[in-house]
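Where a number appears in this text, it was derived from the coordinates with a stated rule and is not lab data. The structure displayed is predicted, hence computed values, not measured ones. Methodologically, a virtual Cβ is constructed for each residue, glycine included, from the backbone with ideal geometry; neighbour enumeration extends over all protein chains shown.
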Amino acid sequence: MTLAAPTLTRLSNFINGHWVDSSAADWQEVINPATGETLAHVPLSNPSEVAGAVEAAAAAFPEWRRTPPEDRIQPLFKLKVLLENHLAELSRIISQENGKTLAEARAEMRRAIENVEVACGIPMMMQGYNLEDVARGIDETMIRQPLGVVAAIVPFNFPGMIAFWFLPYAIATGNTFILKPSERVPLTMRRIYELLEQTGLPKGVVNLVNGGKAAVDALLDHPKVRAISFVGSTPVARYIYARAGEKGKRAQCQGGAKNHVVIMPDADLASATQIVSDSAFGCAGQRCLAISVAVTIGDAQKRFRDAIAQAAAGLRVGNGLDEGVDMGPVITNESKSRIESLIGLGERQGAKVILDGRNVKIPQYQAGNFIKPTVLDGVPATSELSETEIFGPVLSLVHAEDLDEALAFLEHSAYGNQASLFTSSGALARRFRYEAPAGNIGINIGVAAPMAYFPFSGWKDSFFGVEHGQGRDSVEFYTEKKVVIERWAKEHSRKF
Ligand code: NAD
């Protein structure tokens, strides 16, 4: 299916309540990764266009922050209904520009909607606290106030969901907002902003600027942008965190990942195999919570190896829009080449490729970026392959003698996005929960994605900052605390 509407050919920016043609000199093709067809052209907006969005957001802020929280959440209730009503359409756009299956796209949008629902609780979540008589006749109150203009920069792998870790909380707390979507998948957010237009939000409260590094740098450097939320790869997260800090901005930067699962001999192997297969190969391995290394303990080694290779081999790879497809393509041809060369590196480092997904062609989609599920056995635990984020449908199998050794592997990893354990022992589960050095822990869970009312808690090189995305952390991130200490003379109250 192609996006036929001619207006989609050259994408615009959404600034101050209007779709504005971009004056960018550079444009990039938006390519369907399953078919290779060009869906649209996206502008790599220049700093003056970013400045226009910042000025619009800054102008909208004084009135928006004075709008009662109860009124600020009304557009979010409308947005929830619009997103529900357009779920099928949005899922198709996600699948088309990102490649994931329709079922995965729908699941992504459900998570987006969940964040809208949680942000509707802002009138309670944003409350401060107080205490009378901190000294005789003196009262003290902590109130939360919005920051002003805030911005979010998001990656390609969840074109619909990740912006919602930020946007609903940012505006419900009284900030005005600018989104910079991934230039590889800008179509989903374009449609979502069209829906946002129907919610009655005042002009300038939500803005969208398409672009790449230049647009991001302009947001980082603009003095009126108070806070930056970022999700993407670790090198860029680190760069953005440093540059935002240099400019005096608050930042929360979620980075890349290399997620381990530990499989104990007492685990329910049939269920573990199914769940790990879904985690490693779902979304073609392009999830920051995808399991990438499976560490088997004791005699789980052989049983799991054979079972996972069989489960992975059974997955049907193709265009995510087609019925019966379990796994779509990876995002670009360059990603495909990079992933294939990492599999080759694993082989050279002594791993055995027991399921090889390289060099596949899907007959109807010769131009697609397809890799089939790949399983490497005997990967040295501290080799380059077991430490590098592959971000593709590749699972490395590592063996360890016991949980101590497995935990040491995890400790060694630079990343700390997620760690999972499969076991039937409560004591082992508790120990893992207590000691595993990652911020999202799964016990008999393959994708430990926190619900919207919990923080998305990456650690180590998977996160730079203090407050995470989603839930209560978002309220902390998007508000400034103010403490008021008051004394009123008694004589004054007696006059009335
Ligand atoms: P990316 O880092 O290439 O791009 C992310 C965003 O940053 C995009 O909007 C892009 O335009 C911008 N960008 C890219 N290079 C930049 C630069 N040099 N300077 C300024 N801005 C730049 O990431 P991606 O390839 O779109 O997404 C995949 C990565 O995101 C993976 O590493 C994955 O693990 C990570 N990710 C992390 C999480 C998480 O919650 N920790 C969630 C999803 C994805």
With a ≥ b ≥ c from the Cα gyration tensor eigenvalues, square-rooted, and the rule rounded for a/c under 1.5, otherwise prolate when a/b > b/c and oblate otherwise, segment 89-177 is prolate
Kindly express, to the nearest 10 degrees and within the range 0 to 90, the angle between helix 269-281's C-alpha long axis and the longest C-alpha principal axis of the chain.
-> 70 degrees
For Trp27, the net charge from surrounding residues (Cβ-Cβ under 10 Å; K, R +1; D, E -1) works out to -2
On a 0 to 90° scale, report how tilted helix 426-435 is relative to the longest principal axis of the chain, with both axes built from alpha carbons and the result rounded to the nearest 10.
-> 60 degrees
Could you list Trp165, Trp19 in order of exposure, starting from the residue whose Cβ has the fewest other Cβ atoms within 10 Å?
-> Trp19, Trp165
Any idea which of Ala312, Ala119, Thr388 is furthest toward the positive side of the dipole for the chain, if Lys and Arg beta-carbons carry +1 and Asp and Glu beta-carbons -1?
-> Ala119
What does the charge add up to near Glu389, with Lys and Arg as +1, Asp and Glu as -1, over the other residues with Cβ less than 14 Å from its Cβ?
-> +2
In sequence order, calculated HN-Hα J values of segment 327-343 (Karplus, 6.51, -1.76, 1.60; Hz; x Gly/Pro) | 8, x, x, 8, 5, 9, 5, 5, 4, 4, 5, 5, 5, 5, 6, 5, 4
Check: the chain dipole with +1 on Lys, Arg Cβ and -1 on Asp, Glu Cβ, in debye | 980 debye
Restrict the search to segment 303-397; then list the GluC sites (Glu not before Pro) that DSSP places in a loop and that have at most 14 other Cβ atoms within 10 Å of their Cβ.
-> Glu323
Find the centroid of the Cα atoms in segment 210-239 and in segment 415-439, then give the distance between the two in whole Å.
-> 33 Å
Let me know the shape class of segment 194-267, please: from the alpha-carbon gyration tensor, a ≥ b ≥ c as square roots of the eigenvalues, rounded when a/c is under 1.5, otherwise prolate if a/b is greater than b/c, or oblate.
-> oblate
Using 7 Å Cα-to-Cβ label points, what is the Asp268/Glu384 separation (nm, one decimal)?
-> 4.1 nm
For the chain, the Cα-Cα pair-distance distribution in 10 Å bins from 0, as whole percents, is 4, 19, 28, 24, 15, 6, 2, 1, 0
Relative to the Cα centre, what is the charge dipole magnitude of segment 259-443, using +1 at the beta carbon of each Lys and Arg, -1 at the beta carbon of each Asp and Glu, and rounding to the nearest 20 debye?
-> 400 debye
Sorting Phe156, Ile94, Pro223 by the position of each Cα along the dipole of the chain (Lys, Arg +1; Asp, Glu -1; all at Cβ), the one nearest the positive end of that ordering is Pro223
Once phi is turned into ³J(HN,Hα) by the Karplus curve 6.51 cos²θ - 1.76 cosθ + 1.60 with θ = phi - 60°, what whole-Hz value does each residue of segment 18-27 show in order, with x for glycine and proline?
-> 10, 7, 10, 4, 8, 9, 4, 7, 9, 10
Using the Cα gyration tensor of segment 39-137, with a ≥ b ≥ c the square roots of its eigenvalues, what is the shape: rounded (a/c below 1.5), prolate (a/b larger than b/c) or oblate (neither)?
-> oblate
Dipole magnitude of segment 90-220, debye to nearest 20 (Cβ charges: Lys/Arg +1, Asp/Glu -1, about Cα centre) = 600 debye
Near the amide H of Asn207, under 5 Å away, which other amide H atoms are found, from residues 5 or more places off or on another chain, if H is placed in the peptide plane?
-> Phe177, Ile178, Leu179
Rounded to 5, percent antiparallel among DSSP beta bridges of the chain | 45 percent
More than 24 Å apart: what percent of Cα pairs in segment 259-443 qualify?
-> 33 percent
Under 5 Å, built H, 5+ apart or other chain: amide partners of Ile31 | Leu39
Antiparallel bridges, percent of DSSP beta bridges restricted to segment 259-443 (to nearest 5) | 15 percent
So for His18, His41, His222, fewest C-beta neighbours within 10 Å to most, what's the order?
-> His18, His41, His222
Please arrange Ser271, Ser457 by counting, for each residue, the other beta carbons lying within 10 Å of its beta carbon, fewest first.
-> Ser271, Ser457
The answer for the net charge of residues other than Ala227 whose Cβ lies under 12 angstrom from its Cβ, with Lys and Arg +1 and Asp and Glu -1, is +2
Over segment 419-496, the quotient of the Cα radius of gyration and 2.2 N^0.38 Å is 1.92
Reach of Lys249 by Cα under 16 Å, taken over aspartates and glutamates that are not fewer than 8 positions away in the same chain | Asp217, Asp221, Glu467, Glu476, Glu480
A correct Karplus calculation of ³J(HN,Hα) over segment 418-423, with 6.51 cos²θ - 1.76 cosθ + 1.60, θ = phi - 60°, whole Hz and x for Gly and Pro, returns 8, 9, 10, 10, 10, 7
